[in-house]
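What follows is one structure encoded as structure tokens, with my remarks underneath.
The values are calculated or read from the model by the stated rules, or taken from the named source; none is laboratory data. Here the structure is a predicted model, which is why all the values come from computation and not from measurement. As a convention, Cβ positions derive from the backbone with ideal geometry for all residues, glycine included, and neighbour counts pool all protein chains shown. Surface accessibility is based on the protein's heavy atoms, side chains included, excluding ligands, DNA and RNA. Shrake-Rupley method; radii C 1.70, N 1.55, O 1.52, S 1.80 Å.
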Amino acid sequence: MARIEFQVESPIEPREVLEALTDFSERRPELWPAIDPNVYRVHEVSSSSALVTEGTAVIGGILATELYEWDGSGTVRATIQESNLWHTGGTWELTATPRDGGGSTLKVTRNRRAKNAKARLFETMMKFVGARVLAKELLKAPAINGQEI
């Protein structure tokens, strides 16, 4: 499995980051611009989970149906149910903790296993630049950087 870990600082309080991360309304692609609104589909939502299909146009299209789960501990975990690039069971997890002086520290751990040549090529690249690229993309999200939408 290709494991990538990184940490970023956000001016947004942990509670707000987690609320945005578990916001599965029609606003989600605005909060998280890497999500293609044409692909975004909510299948089911409960008070502690959501089954969602999301995607992006990166490398010719990435599509995944993921089960998001949270329990109020400050961590949200998404587990792949189906994807065009990764095997079922791959995860990513975000933990938000308070930062001294306000805002939050966000720790992200991503574990995925490529299921085809396109994904293997992508994962090879991600071994070298993944943490930096993913952190930069995360910081573009209004849900993280505090930008008004």
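Key figures for this structure:
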read-out: Members of the range 63-105 found to be closer than 16 Å to ALA119 by Cβ and in contact with a helix residue (DSSP H, G or I) (Cβ under 8 Å, 6 or more places away or on another chain), listed by number; value: LEU85, TRP86
read-out: Matching residues, the range 68-88, being open to solvent by less than 50 Å² (accessible area, probe 1.4 Å) and either among the aliphatic types (A, V, I, L, M) or touching a Lys or Arg at 6+ places or on another chain (Cβ under 6 Å) (or both); value: VAL76, ALA78, ILE80, LEU85, TRP86
read-out: Residues (of a type in the set (Val, Ile, Thr), within 24 Å of SER10 (Cα to Cα) and at pLDDT 95 or above) located in the range 20-49; value: THR22
read-out: Subset of the range 132-143 (residues that are open to solvent by 40 Å² or more (accessible area, probe 1.4 Å) and assigned to a helix (DSSP H, G or I)); value: ARG132, VAL133, LEU134, LYS136, GLU137, LEU139
read-out: Evaluation of GLY55 against (1) touching a residue at least 24 places away in the same chain (Cβ under 8 Å); (2) crowded, with 16+ Cβ neighbours inside 10 Å (one fails), failing number; value: (1)
read-out: Selection within the range 17-33 - open to solvent by 60 Å² or more (accessible area, probe 1.4 Å), in contact (Cβ under 8 Å) with a residue 60 or more places away in the chain and within 20 Å of GLU93 (Cα to Cα); value: PRO33
read-out: Failed criterion for LYS127 (all others in (1) within 13 Å of the chain's Cα centre (by Cα); (2) open to solvent by 70 Å² or more (accessible area, probe 1.4 Å) hold); value: (1)
read-out: The range 36-51, residues that are over 19 Å from ILE80 (Cβ atoms) and either surrounded by 11 or more Cβ atoms within 10 Å (Cβ to Cβ) or within 17 Å of the chain's Cα centre (by Cα) (or both); value: PRO37
read-out: Residue match in the range 89-112 (condition: in a helix (DSSP H, G or I), open to solvent by less than 80 Å² (accessible area, probe 1.4 Å), among the charged types (D, E, K, R) and modelled with pLDDT under 95); value: no
read-out: Members of the range 102-140 found to be closer than 18 Å to GLY74 by Cβ and of a type in the set (Gly, Ala, Ser), listed by number; value: GLY102, GLY103, SER104
read-out: Hits in the range 93-120 - residues which are over 14 Å from SER10 (Cβ atoms) and in contact (Cβ under 8 Å) with a residue 24 or more places away in the chain; value: THR109, ARG110, ASN111, ARG112, ARG113, ALA114, LYS115, ASN116, LYS118, ALA119
